[in-house]
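What follows draws every value from the coordinates through simple rules; no lab data is involved. Every value quoted in this text rests on a predicted model; they were computed, and no experiment measured them. FYI the Cβ positions are ideal-geometry reconstructions off the backbone, even for glycines, and counts take in every protein chain you see.
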Amino acid sequence: MFMKHLFVLVISLVSLGSSILGQTKITRQQYIDTYKAMAINEMHRGGVPASITMAQGILESSDGNSRLARLGNNHFGIKCKSTWKGKTMKADDDAPNECFRAYDSPEESYRDHSDFLRNNWRYHELFDLDITDYKGWARGLRKAGYATNKSYHTIIINLIERHELYKLDIAQPQPLVTKPLVLQNEVPVVYAEKDETLESIARENDLTDRQIYKYNDLDEGQSITEGDIIYLKPKRRRGSQKFHTVKPDESMYQIAQQYGIKLKHLYRRNRLEEGLEPVEGSKLYMRGKRSKTDSLDVKTTEEVKELKEKFVNPHSLEIEKADPIEKENIELPPYHVVQKGDNIYRIAEKYHVFEEDILKWNKINALELTLGQKIYLTEETAKAAFADGGDSPSKADNPVVPATKYHVVVKGETVYRITQKYGITAEQLRAWNGLSGNQINVGQKLKVSE
């Protein structure tokens, strides 16, 4: 029962390779139990089925055990992209030392995953599917190019069915069972389940009642609610972050629990008398100490009383619906005429049409593009053209001029991105250019066709 509750994040590189309280890795079931509430809440906020989010998290983060997940809280393998302005970390993927997004908490990663899908035209049609159509979502993710594995949709569907994750798609919003920022302070915690008490948690974890109350800055007899963080060891003298800005209706106790700092030390660091509550917007010190000349504005006695009466479980979520997706309606011409520098990827991005559809409708492969060639952009126009023009209508009106056979590497490109642009495999690219691995350099000229 102990390991059912325990989830520890150790940020020391030495400790990462060792056992976490007797457990080397997070198990699949522990990962699901810990993060399913985030997936459910994101479904209600952002519209991505919880089963899909959960299965992708399992796969992309190796059940939360990947380096990206442990050190960067990146559970979905999302790379930086040109629009990303947040934290980053480097990791080897299609090429060495690629840029990946990094987050302050898994919750941020889960939210960004939803927003990433919502903000990319490639995934917009998925949001028209029923929330329980996980198979349609899985196939759509594969077609949109979320992963290079052509069996990606099959893997996702199998994960959902093996672990019955489809049940999450009909669940109501739930209190979060984890607050990752607390875990960054290296203190083991459990999250109170329904009908649990401090005494029952103490018994399950070989602690005395006195210890559990003391570790959590509580008086004997105080009650807890589902989702509350409960510490199994003493909290630290300083918090997991340098500062915290007080939010509406937030108490010093809640802040101390959130950051894993002893309540009395939180008061001392901010030169505040115990029992007083700072006003909304106050900047609290988690580390270091407030200057003697930098005093805090505090709530009145009545406001403190009202705050206690309004107390709500800080680990529950009020789900705020995301704005409707703004789909960009592109008026498609009947066809696109291939110009110098064009490739299937660029054409697809320009007109918001999937590469595989373009190839299928035009009965070509990615290396058959020629200058002046007509590329039909809808199934209807392609069928009509083929009906009138024989086997190769898109080439009939123009002389065949060989397409560009070389590609010059620019900053940020990887082997994967280049293969996607030209519809070739990594093995072909390496063979044609004598590459032994995925290392490529800016300015390098690569052969991209035979």
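If you plug the beta carbon distance of Leu367 and Glu186 into 1/(1 + (r/R0)^6) with R0 = 51 Å, you get a FRET efficiency near 0.45. Were the residues from Val337 through Leu276 laid out at 0.36 nm apart, the gain over their Cα-Cα distance would be 14.9 nm. The label point for Lys360 and the one for Arg28, both projected 7 Å from the Cα toward the Cβ, are 3.0 nm apart.
A Förster distance of 51 Å, applied to the separation of the beta-carbon atoms of Ser223 and Trp121, puts the FRET efficiency at 0.55. Close amide H partners of Gln444, meaning residues 5 or more places away or on another chain with modelled amide H under 5 Å apart, are Val409. One Cα centroid belongs to the stretch 197-233, the other to the stretch 91-160; the line between them spans 39 Å. Take the Cα of Glu320, step 7 Å toward its Cβ, do the same at Lys264, and the gap between the two points is 3.8 nm. Multiplying the residue separation of Lys214 and Thr300 by 0.36 nm and removing their Cα-Cα distance gives an extension gain of 28.2 nm. Between Lys405 and Asn149, the FRET efficiency estimated from the beta carbon spacing at R0 = 30 angstrom works out to 0.65. Going through the cross-link list Lys79/Lys235; Lys85/Lys262; Lys167/Lys194, which pairs have a Cα-Cα distance over 23 Å in this structure? Pairs exceeding 23 Å: Lys79/Lys235; Lys85/Lys262. Whole angstrom only: what separates the Cα centroid of the stretch 242-265 from the Cα centroid of the stretch 283-303? Their Cα centres are 12 Å away from one another. Using 0.36 nm per residue and subtracting the Cα-Cα separation, the extra length available between Asn433 and Leu71 on full extension is 126.8 nm.
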